[in-house]
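The values are calculated or read from the model by the stated rules, or taken from the named source; none is laboratory data. Note that the structure is predicted; figures quoted are calculated from it, not measured. Every residue, glycine among them, receives a Cβ derived from its backbone with ideal geometry; neighbour counts consider all protein chains shown. Surface accessibility is based on the protein's heavy atoms, side chains included, excluding ligands, DNA and RNA. Shrake-Rupley method; radii C 1.70, N 1.55, O 1.52, S 1.80 Å.
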Amino acid sequence: MINTRLTKDTGIEYPIICGAMYPCSNPELVAAASEGGGIAVLQPVSLTMVHGFDKPNRKEGLRAGIRHIRSLTEKPIGFNALIEKGSEKYFQQMSEWIDVALEEDIKFFVTSLGKPDWVCEKVHAKGGVVYHDVTSRKWAEKGKECGVDGLICVNDRAGGHLGELTMEEMYEQLSDMGLPLICAGGIGSEIELAEALKIGYDGVQMGTRFIATDECTTPEDYKNAIVNAKENDITWTTKLTGVPISVINNNKFKQNNSWPVRRLLNSRFKHKIRVIITGISFWRMRAFSKGKEKSSKDLWSAGKSVETVNSIESATKIMQRLGQSIEEEML
């Protein structure tokens, strides 16, 4: 039996999180990854806006989506809450979604890009736990002040939004905070998993590895791009969300937004501008996931863990193999 603070907080076998991904977190992937013994985190915008669970409305659609995932696995699943300031309508929608998740007995929540105090209040009242994405000690301290139960430590090898520090530097900065620390970024195989746990992390969060799986419904071109890419093929851009996000370089991707947009992103309107940029990107990725986006290569987000992702496999088998590698290390 593997015991870390993450396994205790979630009731899972292996201290491995399949992170939430837009638009890649389809129900079958979430179920398959959790079935393998770790925990997969569903992405509510992806579930409702991309994968068809938006009827009769997005609130009840989410409920239907959660129940569909539960029909595929009895293992624990988590919920991702993007809570950055911006659209009041979106904020209200996320609050309703969190209520639905709690009503459906989800106990593990991962918050990103905002102040999680109100999420902690809701979740703790129902006996759940909240882990918060951070990229530095500054944001970790703010999260702890808000009452979070653990920290997802996003490093400079992550896919999606990435940090500036290495996994070692993140641990050194945060190891005295008294909270479970999860290494997020650069974990693609047993090798990096063992390294993160040896450093002292309570678990890992993986994203890119679980895109290249049988159960993920993203186009095969995307999966093959991950398998064929190497670490040096990963670059970054701010054009998708207004902050750096890792992508596979196709020699066409411009890293930065235009000068007027960059100016606005540093103004008092930055939250609203980021909401607009992200909204446009979400709709493009939605079209891409449905096979309607012709410039799909512009949307291939991935982290540096591509270096050790060499095949497309079942998410369940990947999770089991990774977990068993930890057990073997303990023997």
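Things worth noting here:
- Selection status of Glu192, part of a helix (DSSP H, G or I), more than 21 Å from Trp236 (Cα to Cα) and in contact with a Gly (Cβ under 9 Å, 6 or more places away or on another chain): yes
- Count - residues of region 237-268 that are modelled with pLDDT under 75 and in a strand (DSSP E or B): 1
- Any hit, region 75-95, residues being more than 26 Å from Glu145 (Cα to Cα), open to solvent by 60 Å² or more (accessible area, probe 1.4 Å) and part of a helix (DSSP H, G or I): yes
- Where a residue in region 305-319 is at pLDDT 95 or above and its partner, wherever it lies, is part of a strand (DSSP E or B) and crowded, with 24+ Cβ neighbours inside 10 Å, with Cβ under 6 Å and at least six apart: Ala315/Thr213
- Selection status of Gly127, open to solvent by 40 Å² or more (accessible area, probe 1.4 Å) and either of a type in the set (Val, Ile, Thr) or part of a loop (DSSP other than H, G, I, E, B) (or both): yes
- Scanning region 198-224 for residues that are farther than 17 Å from Arg157 by Cβ and not in a loop (DSSP other than H, G, I, E, B) gives Thr213, Glu220, Asp221, Tyr222, Lys223, Asn224.
- The residues of region 133-173 that are hydrophobic (A, V, I, L, M, F, W, C), assigned to a strand (DSSP E or B) and out of contact with any Lys or Arg (no Cβ under 9 Å at 6 or more places or on another chain), listed by number, are Ile152, Cys153, Val154.
- Residues of region 35-86 that are under 25 Å from His132 (Cβ atoms) and of a type in the set (S, T, N, Q): Gln43, Ser46, Thr48, Asn80.
- Scanning region 96-119 for residues that are surrounded by fewer than 18 Cβ atoms within 10 Å (Cβ to Cβ) and either hydrophobic (A, V, I, L, M, F, W, C) or in a loop (DSSP other than H, G, I, E, B) (or both) turns up Glu104, Asp105, Lys115, Trp118.
- Checked against the criterion of being modelled with pLDDT of 95 or more and in a strand (DSSP E or B), the candidates Ile17, Ile12 yield just one match: Ile17.
- In region 37-74, the residues that are surrounded by 20 or more Cβ atoms within 10 Å (Cβ to Cβ), outside any loop (DSSP other than H, G, I, E, B) and touching a strand residue (DSSP E or B) at 6+ places or on another chain (Cβ under 8 Å): Ile39, Ala40, Val41, Leu42, Pro44, Val45, Gly65, Ile66, Ile69
- Condition check for Ile187: under 18 Å from Cys18 (Cα atoms), at pLDDT 95 or above and part of a strand (DSSP E or B): no
- Test result for Gly147, more than 26 Å from Val247 (Cβ to Cβ), at pLDDT 95 or above, open to solvent by less than 50 Å² (accessible area, probe 1.4 Å) and of a type outside the set (Lys, Arg): yes
- Qualifying residue in region 210-220 (condition: under 14 Å from the mean Cα position of the chain (by Cα), touching a residue at least 24 places away in the same chain (Cβ under 8 Å) and crowded, with 20+ Cβ neighbours inside 10 Å): yes
- Scanning region 174-195 for residues that are crowded, with 21+ Cβ neighbours inside 10 Å, out of contact with any helix residue (DSSP H, G or I) (no Cβ under 6 Å at 6 or more places or on another chain) and over 20 Å from Ser314 (Cα atoms) turns up Ile182, Ala184, Gly185.
- Which numbered condition Lys59 fails, given (1) within 20 Å of Lys122 (Cβ to Cβ); (2) within 18 Å of the chain's Cα centre (by Cα): (2)
- Some residue of region 58-74 being among the hydrophobic types (A, V, I, L, M, F, W, C), modelled with pLDDT of 90 or more and within 22 Å of Pro15 (Cβ to Cβ): yes
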